[in-house]
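First the structure, in the form of structure tokens, and then the observations on it.
The values are calculated or read from the model by the stated rules, or taken from the named source; none is laboratory data. Being a predicted model, the structure only gives us computed values, none of them experimental. Here the Cβ positions follow ideal geometry from the backbone for every residue, glycine too, while neighbour counts run over all protein chains shown.
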């Protein structure tokens, strides 16, 4: 065991000498600092009372040993921005017109993109000895005038200057210049490094995490890519801007000459204040080993009209409304239609209700054909069952050929039933992207729902795997509507189950249950839309099935179709040819097998 023998005399003497030296050091620098303050009383102030800067470069006094870390604030109607002299960085960004989610409804929690050291960035230069000079480690001297702040630091005989200009919108111009670095550094390239822990702002953590990702433009702003799960690597493309976005907000930096040989990494943070930890590293080309370039910071809400207002930047792609046709449906139809209805002052929930009705009206001719096809298949079902009994001992190909012959004679194209599903699938995905990303829906309540872009949690539960700690009422209502639609729909009864195939009737009932797990943590606006949509489907089934369609007339039409000469469609002809070919191959295989058996005997 170790014993405590007390403090010996030598330790006490050393401690005393160290204390005296420290006191002398402090007194000396306090005296020196007081003299400096007398000579320049405004050197340490953060108020905007310094001399007027030039266009891109402001002369600032050299940094001294007495320089201390300060915070300077600039503000416009949209942004409140704090700058730190440590690293010359933006240390805090608040979006003035928005509030973050809080469990306390009376609390107005600010939207802070940068705050409390969650974001650090700067430039790295490699000196002649191979060491890294990082601007994050330097303490800058500030000068402020109006909406502009100049920060200057010295590295040996070289100077580095950052000039920030807060404009009247969501932009902060950022000019970087160096003088004398050419004598110190070995490469004609600097690296821009950015570490950013994205703070959770919304109610649904899993949904917000899903929409938190890298985004970047390249090829002179024409192309866009994103990465939400893996490492981001672009060794060949020159990135015009790099964005780290979350569900409704983005922090984006644009480079005048672009970032080259860029790569990034992201880690999910499972719980707590932050969602993900992002790291980005991109190359900045120097001219004669000196930097004189413009950058721009954008701290924006993801509002489509705002993003489109930055012409030529391709910022609209940051809003994840879907790729290609899906995104087009949202941008051309759903977003303008939603905004148009909202302009009349209609509550957001009822706007979604009216959108649902509009979509149903547009799709009504297709739905009518679907229901009519279902009724026709129900009428010929006895004939299908008779064919299957007659050819129950035949091979599957033969049985299928005879079944298709019945459909063809009756004038029924069983593949036409796939068309409504194919048309509705893009709409489903478009709305899946629309509801959780519409900032105009953010914070909008409807009945018992606080926010239509997040789940409703009226029913609280202990934490259950997959399901979570709540039950969404709208998700339950949607599931019930889908089950009712499945029960009443004739589609699941239109054809008997083929041998060796899964029981489609059972599958159709299981699907809505899985849908509940999916919708339980999704945007309540999406659940509300699909509840209304399926409730309308149930009503339409009653109207079409019992008031519009007459099965006796349909049966008569089928009999008339049988009497007509049949013109085989291209798709049906191909299907028949494929089956005949498969049947011929099966015959050849059987004959070959028989011949081999005879030879063995």
Query raised in the report: Any residue in the range 318-328 that is within 24 Å of residue 176 (Cα to Cα) and either at pLDDT 90 or above or over 14 Å from the mean Cα position of the chain (by Cα) (or both)?
Result: no
Query raised in the report: Residues of the range 149-171 being under 37 Å from the mean Cα position of the chain (by Cα) and surrounded by fewer than 18 Cβ atoms within 10 Å (Cβ to Cβ), which ones?
Result: 167, 168, 169
Query raised in the report: What is the residue count in the range 133-142 for residues that are crowded, with 23+ Cβ neighbours inside 10 Å and part of a strand (DSSP E or B)?
Result: 1
Report summary line: Subset of the range 303-358, residues outside any helix (DSSP H, G or I) and more than 29 Å from residue 256 (Cα to Cα), comes to 343, 344, 345, 346, 347
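Here is a yes/no grid of residues against (1) outside the structural domain of residue 124 (by TED's automatic domain parsing); (2) closer than 27 Å to residue 223 by Cα; (3) at pLDDT 85 or above:
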residue	(1), (2), (3)
332	yes, yes, no
344	yes, no, yes
352	yes, no, yes
363	yes, no, no
**Report entry** Members of the range 283-295 found to be closer than 13 Å to residue 259 by Cα and crowded, with 16+ Cβ neighbours inside 10 Å, listed by number
**Finding:** 283, 284, 286, 293, 295
Query raised in the report: So which residues in the range 87-132 are within 15 Å of residue 199 (Cβ to Cβ) and part of a loop (DSSP other than H, G, I, E, B), if there are any at all?
Result: 101, 102, 115, 116, 117, 118
Query raised in the report: Looking at the range 303-311, is at least one residue under 30 Å from residue 427 (Cβ atoms), at pLDDT 85 or above, within 16 Å of the chain's Cα centre (by Cα) and surrounded by fewer than 19 Cβ atoms within 10 Å (Cβ to Cβ)?
Result: yes
Query raised in the report: Any residue at all in the range 252-271 that is assigned by TED's automatic domain parsing to the domain that holds residue 212 and within 25 Å of residue 440 (Cβ to Cβ)?
Result: yes
